[in-house]
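Shown next, in structure tokens, is the structure this report addresses.
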Amino acid sequence: MTKNTVTVFVASSFEVHNARVAIGDCLRQLNDRYEESGIRVYLHCWEDYKPEYIGERKQDEYNRDLVLTSQILIGLFKTRCGDYTQEEVKLGISDLGRCNVHCFYEIDDKIKSPNCDIVNFFCENSIEAMPYDSVEDICAKVTSIVEEYIETNCTKASAHSSYKNISNI
């Protein structure tokens, strides 16, 4: 049986590390659930990427090998809007519709300030970001995104339509 692979890249700064770890756990659970139907859910993350230097900017490697090869890109923001995260999200958006980009921001007072760089980034790039209020909330949202992608794009997905979203980790 040929496996369908759904790859997900999470673009974010280190400040949302707990959410990144939880999303990784969610994706592993989804992979376990769908694997027997020939569908693999895989997290592309820079933390697991090869550390050796090959003569080019490391971010260019991440972009080429991780961002551009993912079907789904999740952008997570809290109080920082780092250059590399912006670059990854912009690259996902510019990928001519091949990558499904979804951006989320953790509910925080800084996001309400008029000069917030995250809000400016969203506005400048016409990004409709959604809020999340907890690790469980973002996991439920990412799970829904991946399940919808599988249902729409993978041939064996209908066998799993009776499963509920994974929202408790």
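The values are calculated or read from the model by the stated rules, or taken from the named source; none is laboratory data. Everything numeric in this text was worked out from a predicted model, so none of it was measured. When we count neighbours, we look across all protein chains shown, and the Cβ atoms used for this are built from the backbone with ideal geometry, even at glycine. To get the accessible areas, we keep the full protein, side chains included, count just its heavy atoms, and leave off ligands, DNA and RNA. Shrake-Rupley method; radii C 1.70, N 1.55, O 1.52, S 1.80 Å.
Out of the residues in region 20-44 that are of a type in the set (A, V, I, L, M, F, W, C) and in a helix (DSSP H, G or I), which is surrounded by the fewest Cβ atoms within 10 Å (Cβ to Cβ)?
Kept after step one, since they are of a type in the set (A, V, I, L, M, F, W, C), are these residues of region 20-44: 21-23, 26-27, 30, 39, 41, 43.
This time we only want the ones that are in a helix (DSSP H, G or I), so: 21-23, 26-27, 30.
Details: 21: 13, 22: 18, 23: 26, 26: 26, 27: 25, 30: 26.
Ranking the qualifying residues of region 20-44, first place goes to 21.
So residue 138 passes all but one of these: (1) hydrophobic (A, V, I, L, M, F, W, C); (2) closer than 21 Å to residue 9 by Cβ; (3) modelled with pLDDT under 95; (4) crowded, with 17+ Cβ neighbours inside 10 Å. Which condition number does it fail?
Residue 138 satisfies all of (1) hydrophobic (A, V, I, L, M, F, W, C); (2) closer than 21 Å to residue 9 by Cβ; (3) modelled with pLDDT under 95; (4) crowded, with 17+ Cβ neighbours inside 10 Å except (3).
Which of the residues that make up region 8-19 are surrounded by fewer than 18 Cβ atoms within 10 Å (Cβ to Cβ) and under 15 Å from the mean Cα position of the chain (by Cα)?
Applying the first criterion (surrounded by fewer than 18 Cβ atoms within 10 Å (Cβ to Cβ)) to region 8-19 yields 13-15, 17-18.
Once the filter is applied, which keeps residues that are surrounded by fewer than 18 Cβ atoms within 10 Å (Cβ to Cβ) and under 15 Å from the mean Cα position of the chain (by Cα), region 8-19 yields 13, 14, 17, 18.
Being touching a Phe, Trp or Tyr at 6+ places or on another chain (Cβ under 7 Å), under 28 Å from residue 107 (Cβ atoms) and either modelled with pLDDT under 90 or of a type in the set (A, V, I, L, M) (or both) narrows it down to one of 16, 10, 41, so name that one. Talk me through it step by step, then tell me what you get.
On the way: 16 fails: touching a Phe, Trp or Tyr at 6+ places or on another chain (Cβ under 7 Å); 10 fails: touching a Phe, Trp or Tyr at 6+ places or on another chain (Cβ under 7 Å).
That would be 41, the only listed residue that is touching a Phe, Trp or Tyr at 6+ places or on another chain (Cβ under 7 Å), under 28 Å from residue 107 (Cβ atoms) and either modelled with pLDDT under 90 or of a type in the set (A, V, I, L, M) (or both).
Does any residue in region 136-152 that is farther than 14 Å from residue 104 by Cα and of a type outside the set (A, V, I, L, M) come within less than 6 Å, Cβ to Cβ, of a residue that is in a helix (DSSP H, G or I) and at pLDDT below 95 six or more places away or on a different chain, and which pairs are these?
From residues that are farther than 14 Å from residue 104 by Cα and of a type outside the set (A, V, I, L, M), the pairs are 151/157.
Against the conditions (1) modelled with pLDDT of 90 or more; (2) open to solvent by less than 60 Å² (accessible area, probe 1.4 Å); (3) of a type outside the set (Gly, Ala, Ser), where does residue 63 fall short? Just the number, please.
Every listed condition holds for residue 63 apart from (1).
For region 90-129, give me each residue that is loosely packed, with under 12 Cβ neighbours inside 10 Å and either at positive phi or among the aliphatic types (A, V, I, L, M) (or both).
96, 97, 126 - these are the residues of region 90-129 that are loosely packed, with under 12 Cβ neighbours inside 10 Å and either at positive phi or among the aliphatic types (A, V, I, L, M) (or both).
Across region 76-85, which residue is farthest from residue 62 (Cα to Cα) among those that are part of a helix (DSSP H, G or I) and either of a type in the set (Phe, Trp, Tyr) or open to solvent by 40 Å² or more (accessible area, probe 1.4 Å) (or both)? Write out each step before concluding.
Of the residues in region 76-85, the ones part of a helix (DSSP H, G or I) are 83-85.
The next check asks that each one be either of a type in the set (Phe, Trp, Tyr) or open to solvent by 40 Å² or more (accessible area, probe 1.4 Å) (or both); those that pass are 83-84.
Values: 83: 14, 84: 10 Å.
Checking each candidate, the answer is 83.
Filter region 101-128 down to the residues that are of a type in the set (Asp, Glu) and in contact (Cβ under 8 Å) with a residue 40 or more places away in the chain and list them by number. Walk me through it before giving the result.
Within region 101-128, the subset of a type in the set (Asp, Glu) is 106, 108-109, 117, 124, 128.
Matches in region 101-128: 106 only.
Among the residues of region 75-122, which ones are closer than 13 Å to residue 11 by Cα and among the basic types (Lys, Arg)?
78, 80, 90
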